[in-house]
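Below is one structure; the comments refer to it alone.
The values are calculated or read from the model by the stated rules, or taken from the named source; none is laboratory data. In this text the structure is predicted, and so the values were computed from the model without any measurement. We place every Cβ from the backbone using ideal geometry, glycine too, and count neighbours over all the protein chains shown. Ligands, DNA and RNA are excluded from the accessible area calculation, which covers all protein heavy atoms including side chains. Shrake-Rupley method; radii C 1.70, N 1.55, O 1.52, S 1.80 Å.
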Amino acid sequence: MDAEERIARGLLYTEDDAAFLSGGRRADLLFEYNRTPPGAVEARTRLLGRILGSVGRNPVIASPLHAAYGSNVHIGDDFYGNVNLTLVDDVEIRIGDGVMIAPSCTLTTTGHPVHPALRHDYNRFSEPIVLADRVWLGSNVVVLPGVTIGYGAVIGAGSVVSKDVPPMVVALGVPCRPVREISDADLDQRQPPR
Ligand SMILES: CC(=O)SCCNC(=O)CCNC(=O)[C@H](O)C(C)(C)COP(=O)(O)OP(=O)(O)OC[C@H]1O[C@@H](n2cnc3c(N)ncnc32)[C@H](O)[C@@H]1OP(=O)(O)O
């Protein structure tokens, strides 16, 4: 089995195995993005288009933005990412439309073996992450490898999401668990201005 297949299957691979992915690293463009003024909206949007694998309409991502590669991240329309978003995208991170991410969140597709004897040469495994449409991550959320978060779900500040989250729930904590469903009753909670 070649390295590409091992990576795709979530099996262990080394830094050398992953060398063929290096063309997808956007480190210099990320550096440029992070020193482009917030007011230079067109330049920032253009740079995002070159950094990310794909990006929809009206993306807003505050600096600093960090990504292992950048090219394995796919983002839908109307995305908002607050400061210090960190994307460990050795494999795909797919983000739907209308997603919001609060300050200092980390989405990591990658982990290392827990046994120290296996943790040589940056040995690691990676599993894709999916955020469905209209997900909101609160501040300081960490999303671990292989997690899918369903439509409309809200992840409370400070959560560590180690398992899939169903659609239309509030989920929170370490480890993150659904605490309630989101229903039409929530429409009455805080009214938008008329
Ligand atoms: C792009 C941007 O987003 S920038 C803005 C950044 N903003 C944030 O990071 C805010 C994130 N918001 C939160 O974490 C909120 O607390 C929410 C969304 C989880 C609140 O959800 P709600 O269902 O309305 O919960 P509610 O406020 O009624 O609290 C319910 C219980 O959960 C607790 N709780 C609320 N948030 C959290 C949390 N993040 N972690 C642990 N417990 C929490 C409350 O203390 C309360 O506990 P109690 O029942 O013992 O009194």
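Subtracting the Cα-Cα distance of Q189 and D133 from 0.36 nm times their residue separation leaves 18.0 nm of extension gain. Comparing R25, R44, R57 in a Gaussian network model of the chain (Cα springs below 10 Å), the most mobile by mean-square fluctuation is R57. Each residue of region 61-78 was assigned a 3J(HN,Hα) from its phi angle through the Karplus expression (A = 6.51, B = -1.76, C = 1.60, θ = phi - 60°), giving 10, 6, 8, x, 10, 10, 8, 5, 10, x, 6, 9, 9, 10, 10, x, 6, 6 Hz with x at Gly and Pro.
Most tightly packed first, judged by the mean number of other beta-carbon atoms within 10 Å of their residues, the peptides 154-162, 123-131 read 123-131, 154-162.
Where only protein heavy atoms count, and the probe is 1.4 Å, what is the accessible area per residue for region 3-182 in Å²?
Here the per-residue accessible area is 49 Å².
The accessible surface of the chain, taken with every protein chain in place and a 1.4 Å probe, is 55 percent carbon and sulfur.
Here the simple spin-label model places points 7 Å from the Cα toward Cβ, and for D16 and N140 these points are separated by 4.1 nm. How would region 37-147 be classified by its alpha-carbon gyration tensor: rounded, prolate or oblate, with rounded meaning a/c under 1.5 and the a/b versus b/c comparison settling the rest? Prolate, because a/c is 1.5 or more and a/b exceeds b/c. May I ask you to list the residues of region 6-39 whose amide nitrogen lies under 16 Å from a point 7 Å from Cα along the Cα→beta-carbon direction of V83? Answer for this model: 34-39.
When the square roots of the Cα gyration tensor eigenvalues are ordered a ≥ b ≥ c, the ratio a/c for the chain is 1.5 or more and a/b does not exceed b/c, which makes its shape oblate. Taking every DSSP beta bridge that has both ends in the chain, the antiparallel portion is near 20%.
Around the Cα centre of region 24-131, unit charges on the Cβ atoms of Lys, Arg, Asp and Glu (plus for the first two, minus for the last two) sum to a dipole of about 220 debye.
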